[in-house]
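Working notes for the structure below.
The values are calculated or read from the model by the stated rules, or taken from the named source; none is laboratory data. What you see is a predicted model; the values in this text were computed from it and never measured. Quick reminder, even Gly has a Cβ in these numbers, built from the backbone with ideal geometry, and neighbours come from all protein chains shown. Each accessible area value is taken on the protein alone, full model and side chains, heavy atoms only, with ligands, DNA and RNA left out. Shrake-Rupley method; radii C 1.70, N 1.55, O 1.52, S 1.80 Å.
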Amino acid sequence: PTQVVTFPHLKVRHGCSTRVGGVSAAPWESLNTGFTVGDEPSAVWENRRRFAACLGVENLPPLLSMSHGKEVARVDRGAPLPSDFS
């Protein structure tokens, strides 16, 4: 199963993905959620679907970029998409 790390003291829906429980083949195995590394897009979409399910949401926004770091993205239902995708 997909593994997500959460922090009980945070009172908002959140999670940090791990590499466990995805469908990507080597060298990205297994739960790669990034489109920029050469993985099959269909695998990335499935991995994002699995991660989103662990968070209790329908899907992750297609434009959400994930990285190793301390930045946090707040995603509000109905929020407009940015016009500048850079």
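Sorted by accessible area (1.4 Å probe), largest first, how do Trp45, Trp28 line up?
Numbers: Trp45 105, Trp28 65 Å².
Greatest to least solvent exposure: Trp45, Trp28.
Annotation for region 10-52: trypsin sites (Lys or Arg not before Pro) lying in DSSP loop with at most 16 further Cβ atoms inside 10 Å of their Cβ are Lys11, Arg13, Arg19. Taking θ as phi - 60° and the Karplus parameters 6.51, -1.76 and 1.60, the scalar couplings of region 20-33 work out to 9, x, x, 10, 5, 7, 4, x, 8, 3, 10, 9, 6, 10 Hz in sequence order, x denoting glycine and proline. The 3J(HN,Hα) values that the Karplus relation (6.51, -1.76, 1.60; θ = phi - 60°) gives for region 12-18 are, in residue order, 10, 5, 7, x, 10, 6, 10 Hz. Gly and Pro appear as x.
3J(HN,Hα) couplings calculated from phi for region 38-55 with the Karplus curve 6.51 cos²θ - 1.76 cosθ + 1.60 (θ = phi - 60°) are, in sequence order, x, 6, 5, x, 5, 5, 4, 4, 5, 4, 5, 4, 5, 5, 4, 4, 5, 7 Hz; Gly and Pro show x.
Past the 20 angstrom mark, what percentage of all C-alpha to C-alpha distances in region 1-57 do you count? Don't skip to the answer; put the middle values down first.
Working: 375 of 1596 pairs.
When all Cα pairs of region 1-57 are counted, 23 percent exceed 20 Å.
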